[in-house]
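Working notes for the structure below.
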Amino acid sequence: MLRFLAFLIVLIAVAGGAWVWEQENFAEPGPSQSYQVLMIKPGEHVGAIAQQLQDQGVVNSALLYQVGVRMRGEQGALKAGEYGFATHASMQDVTDILVTGKSIEHKITAAEGLTSQMIYDIVKNDPVLVGDAGPVPAEGTLLPETYLFTRGMTRSAMLAKMHDAQVRFINTHWAARAPNIAVISPEEAVTLASVVEKETALAEERRHIASVFENRLRRGIKMQSDPTIIYGITRGYPLGHGIRMSELNGATPYNTYVIAGLPPTPICNPGKDAIAAVLDPEQTNDLYFVATGQGGHVFTSSLVEHEKNVAKLRQLEHAH
């Protein structure tokens, strides 16, 4: 009986020691010498995951990792995804990442002022997105932004995400638009915003430029926006030269020196600031603006003053 008791005590001591060792070992820094990325496939069982972690050098022993996960009852909680593990991540760190499903987030950026074809090409050529992109979205129906996504997202889903983001933004801001603006629908607002987007890169100028175009639209004066000429010729790609007189007078559906009112569609995908500017423009009487030659524009309500400003720009260009 005494021998049995002694054996039992020894057994309990060994088991207790093993438990303490396992707890400490599970929390100790792992063997990886650099950041490691692993893909865990849907339905992959804990044994396969443990072996992949060992093969990648994230854990020392697949068996010990698998035992540790099972002891903690988390073998069914490990989630599929693409994961990044820091240098010397412990088995506990690894498990926490896999259980919480903290997949690596990738990003894709659609800059303000790009056409739908340009954004479509960015999405189509992204190496992480998968699947077919589908048809090119209509012009002006995507919201320029940086979008985060996890591996496995489809190209068509990304384009849909960009479109849905624009619809939400427009709906929210259209409801809060300033009274008596010149555009009468969200579609017209996006079209005008696309012209404002292409006219200036300065955020502080957008509401002023929007006011000029809205004043012109109210008075039935042609918008006379150079970017609309370019879009009518190249669909938004660089013209490669200054606008020629023949192009200025060219009768394309987008040339606002020729047509009255807004162009038939947006000429790019405007960003949030340009859309907001159109829905809440500055209150001015200005009808004209011209570049200063130093990055901004000078505004006026007088044609005589505008012509003087144009002459100053020409002198500056000649001097350079």
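The values are calculated or read from the model by the stated rules, or taken from the named source; none is laboratory data. Since we're looking at a predicted model, the values are computed, not measured. FYI the Cβ positions are ideal-geometry reconstructions off the backbone, even for glycines, and counts take in every protein chain you see. Side chains are part of the model used for accessible areas, which takes the heavy atoms of the whole protein and leaves out ligands, DNA and RNA. Shrake-Rupley method; radii C 1.70, N 1.55, O 1.52, S 1.80 Å.
Taken over the range 260-291, the criterion of being within 21 Å of TYR237 (Cβ to Cβ) and β-branched (Val, Ile, Thr) is satisfied by THR265, ILE267. Of all the listed residues (THR265, THR292, THR284), the sole one being in contact (Cβ under 8 Å) with a residue 40 or more places away in the chain and more than 19 Å from ILE184 (Cα to Cα) is THR284. From the list PRO270, PRO266, which residue is more than 25 Å from GLN294 (Cβ to Cβ), touching a helix residue (DSSP H, G or I) at 6+ places or on another chain (Cβ under 6 Å) and open to solvent by less than 30 Å² (accessible area, probe 1.4 Å)? Step by step, each of PRO270, PRO266 is checked, and only PRO266 is more than 25 Å from GLN294 (Cβ to Cβ), touching a helix residue (DSSP H, G or I) at 6+ places or on another chain (Cβ under 6 Å) and open to solvent by less than 30 Å² (accessible area, probe 1.4 Å).
Against the condition open to solvent by less than 10 Å² (accessible area, probe 1.4 Å) and either in contact (Cβ under 8 Å) with a residue 24 or more places away in the chain or over 21 Å from GLY236 (Cβ atoms) (or both), how does LEU148 come out, does it pass? Spell out how you get there, then give the answer.
Details: open to solvent by less than 10 Å² (accessible area, probe 1.4 Å): no; either in contact (Cβ under 8 Å) with a residue 24 or more places away in the chain or over 21 Å from GLY236 (Cβ atoms) (or both): yes.
No.
Annotation: LEU114 fulfils all but one of (1) open to solvent by less than 20 Å² (accessible area, probe 1.4 Å); (2) closer than 17 Å to PRO270 by Cα; (3) in contact (Cβ under 8 Å) with a residue 40 or more places away in the chain; the unmet one is (1). For the range 182-196, the set of residues classified as farther than 10 Å from VAL278 by Cα and in contact with a helix residue (DSSP H, G or I) (Cβ under 6 Å, 6 or more places away or on another chain) consists of PRO186 only.
Sort out which residues of the range 45-69 are part of a helix (DSSP H, G or I), loosely packed, with under 14 Cβ neighbours inside 10 Å and in contact (Cβ under 8 Å) with a residue 12 or more places away in the chain, and write them in order of number. Scanning the range 45-69 gives a single hit, LEU63. Filtered by the rule that a residue be under 30 Å from ASP280 (Cβ atoms) and among the aliphatic types (A, V, I, L, M), the range 123-157 gives ALA138, LEU142, LEU143, LEU148.
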